[in-house]
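In what follows, a structure is listed as structure tokens, so that the remarks can point back to it.
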Amino acid sequence: MSTSGVRLEAVEALLELAANRGLVTTCDVCHRLVKPLTLSDRCAYIDTLDAALVGKATCFVSHAWDNPLADTVDVMRQIECETPGTLFWFDLFANNQHGTEARPFNWWCNTFQKSIEQIGCVVLVLAPWNKPLPLTRSWCLFEIMSSLNAGGAVDFRICLPVHQRTAFVAALRKDHSSAVQALVDVKTEESQAFHEDDRQNIFYAVEKSIGFHKLNSLVNDRMRDWFLDQGKQSVEAAEQSGKDLSRDIEFADLCSSVGSMLYEFARPKDSKDVLIYHRRALDIRTTVLGDHPKTANSHNNLGVVLEGRGPLMQEAMKEAMNHHKKALLMRLALFGESNLETAASYHGIASVYSTCKHYPKALQYFKKALSIQVLAFGDEHQDVATTHSCMGSVYFEQANDSHSVFQYTQALNCYTRALHIQRNTVGELHPDLAVTYNNIGIVHKTRGDLGKALEYFHKALDLRQIVGEDHPDTKKAQHYIDLIRRSSPFSCPYGIEEGCSSDTEVGAGTSRASAAGSKTSTGWFEEKYVYDFSSDSRDCDDIDCDDSGDNDSDNNSSDSDRDDDDDGDGDDDDDDD
């Protein structure tokens with residue numbers, strides 16, 4: 001296999017020929033254009049080009065043959081703009097398309113691996129953005145694996161056609177959780193090949209090297225960074241457009257949704273932007289819409305983000321409670337008591353009380369939220385699961401204070417119920433399950449059942465491919481696994497015998513993932529601090545959220561709700577929220 005590459009002009013010329021003949025996919029272009037043009041000499045298409053268009057390749061293009069050729073050329077244009085003079089190794093050009101089936105798997109395997117290592121740069125053409133076709137093709141996976149196996153010697157990146165970026169931003173405006181779902185749907189182990197033998201051989205090669213779990217994780221890392229960077233770039237592009245955005249509701253929706261996505265994935269470098277974007281959305285919505293579902297959602301989102309800073313940030317806690325109260329007042333006026341939007345505000349208020357160790361009040365408001373959710377959805381819904389999980393965390397913290405076996409049992413019952421619902425509603429691979437696994441593991445650890453605890457911490461860690469290695473939920477699971485293993489000299493299938501003792505730590509948390517109800521602030525090693533909200537009722541004096549009640553009960557360090565429904569009908573309409 002040659003490592004020669006072609007200039008962009010050559011690929012664009014072939015694309016024009018294909019378009020004139022009505023050919024769309026790379027596969028069609030190969031069989032109905034390239035092979036007939038090279039049949040007489042039975043050569044590679046690159047061999048028919050002028051020497052000025054050919055040279056040593058500097059970029060290996062990985063793509064799916066069932067995607068439009070125009071998508072691959074679009075990505076090449078982007079690379080050319082970044083690095084003028086790029087020479088593309090493109091299999092449609094570089095490989096002799098005659099007699100390909102006669103070549104054994106090992107020939108393809110060795111030549112792909114060597115070519116990728118020699119070229120040193122691989123660009124994966126990812127399209128469509130939400131269900132990338134290359135990730136369903138075994139040979140594309142082999143190219144990705146070859147890039148990643150080379151470590152730092154190969155620069156591996158993903159790139160999407162411009163129209164796919166536009167589609168992503170449009171989807172992001174409507175519902176930020178679509179980005180999460182795109183990562184959940186990455187299952188490279190389900191990829192296919194034209195020849196079953198190739199698929200089996202590639203699967204064997206993957207398993208013998210980095211494994212599918214690691215492969216999924218590495219692909220998700222690149223996709224997640226692209227999603228986050230593209231979201232921020234879309235906000236920056238609007239800001240640089242020269243338009244007056246001070247009353248632009250579409251821009252407010254974009255800021256809100258991007259802020260929610262950044263918070264969802266919890267990339268450390270984005271922490272300041274989350275608050276900035278949600279504040280901008282609130283300012284515009286307040287000015288233009290006044291008391292409106294979207295304005296209430298912005299208050300709710302800010303409450304979630306501020307509450308996530310933890311109970312030691314007193315001013316943040318005060319501001320978080322104030323935002324949740326304002327959201328509740330608007331929602332009561334707009335929708336009444338028995339509405340899911342109102343339930344989301346009750347959930348948010350409960351989360352702040354919980355974070356600040358006001359356990360009876362937290363349970364009171366979580367139960368208000370739960371009663372509305374069950375009435376609207378029934379028992380089997382993700383929002384119901386979230387509230388059960390939050391209540392479990394409250395019972396857990398209350399049990400830590402009182403050493404009550406009954407309350408530990410209550411906590412475990414709530415978490416188990418939440419896990420059952422999550423498995424039935426969002427499936428086994430959703431990141432919400434990682435948080436619930438962590439919570440169940442913490443209860444078992446605290447009760448001294450360390451073997452069972454490790455089982456659940458490992459289950460949480462197995463979902464790190466969705467949220468990433470640096471996500472708080474991933475770090476939390478790894479932290480407890482390391483802590484337990486360091487504390488015991490024994491061995492068992494998970495590295496420790498059941499019943500061994502170790503230092504007890506608290507801090508069960510709920511999900512960072514959204515639903516109508518939850519965002520997480522994990523706060524593992526927080527000092528017990530009780531904040532008095534009674535002096536900060538401000539313009540919400542008629543809402544009973546003052547500090548009354550004892551602090552001997554439950555806590556979760558949960559996040560509150562981010563809502564997607566702007567019209568109060570229970571459907572997820574809006575971008576952010």
For the range 251-301, what is the relative contact order in percent, using Cα pairs closer than 8 Å and at least 6 residues apart in sequence?
38
Determine, from the Cβ-Cβ distance of SER209 and ALA333 and an R0 of 60 Å, the FRET efficiency 1/(1 + (r/R0)^6), rounded to the nearest 0.05.
0.50
Two pseudo-spin positions, 7 Å from Cα along C-beta at LYS174 and at LEU375, lie apart in nanometres by 3.1
So what's the gap between the Cα centers of the range 202-217 and the range 48-123, to the nearest angstrom?
23
Extension gain from GLU239 to ASN130, taking 0.36 nm per residue of separation minus the Cα-Cα distance
36.6 nm
Here are some pairs, LYS214/LYS269; LYS131/LYS475; LYS361/LYS452; which of them have Cα atoms lying more than 26 Å apart in this structure?
LYS131/LYS475; LYS361/LYS452
Please work out the FRET efficiency for the pair LYS56 and SER404, using the Cβ-Cβ distance as r and a Förster radius of 56 Å; give the result to the nearest 0.05.
0.20
Describe numerically, in nm with one decimal, the distance between label points set 7 Å from Cα along Cα→Cβ at ASP470 and at ASN110.
4.0
Could you rank the peptides 338-347, 478-487 by their average count of other C-beta atoms within 10 Å per residue, with the highest value first?
338-347, 478-487
Among 166-175, 147-156, how do they line up by average Cβ neighbours within 10 Å per residue, starting with the highest?
166-175, 147-156
On a straight-distance basis, which lysines could pair with LYS368 in a cross-link, Cα separation under 16 angstrom, same-chain partners fewer than 8 positions away excluded?
LYS325
Note down the nm distance, to one decimal, between modelled labels 7 Å out along Cα→Cβ at ASP291 and at LYS35.
7.0
Given the whole protein assembly as supplied and a 1.4 Å probe, what does the accessible area of SER4 come to in Å², nearest 10?
40
In bins 5 Å wide, starting from 0, what share of all Cα pairs of the range 183-223 does each bin hold, as a percent?
5, 24, 29, 21, 15, 5
Using modelled amide H (1.01 Å from N, peptide plane; none on Pro or chain starts), what sits under 5 Å from the amide H of ILE158, excluding residues fewer than 5 places away?
LEU124
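The values are calculated or read from the model by the stated rules, or taken from the named source; none is laboratory data. Computed from a prediction, not measured in an experiment: that's the story for all the values here. Methodologically, a virtual Cβ is constructed for each residue, glycine included, from the backbone with ideal geometry; neighbour enumeration extends over all protein chains shown. With ligands, DNA and RNA removed, areas are computed over all heavy atoms of the protein, side chains included. Shrake-Rupley method; radii C 1.70, N 1.55, O 1.52, S 1.80 Å.
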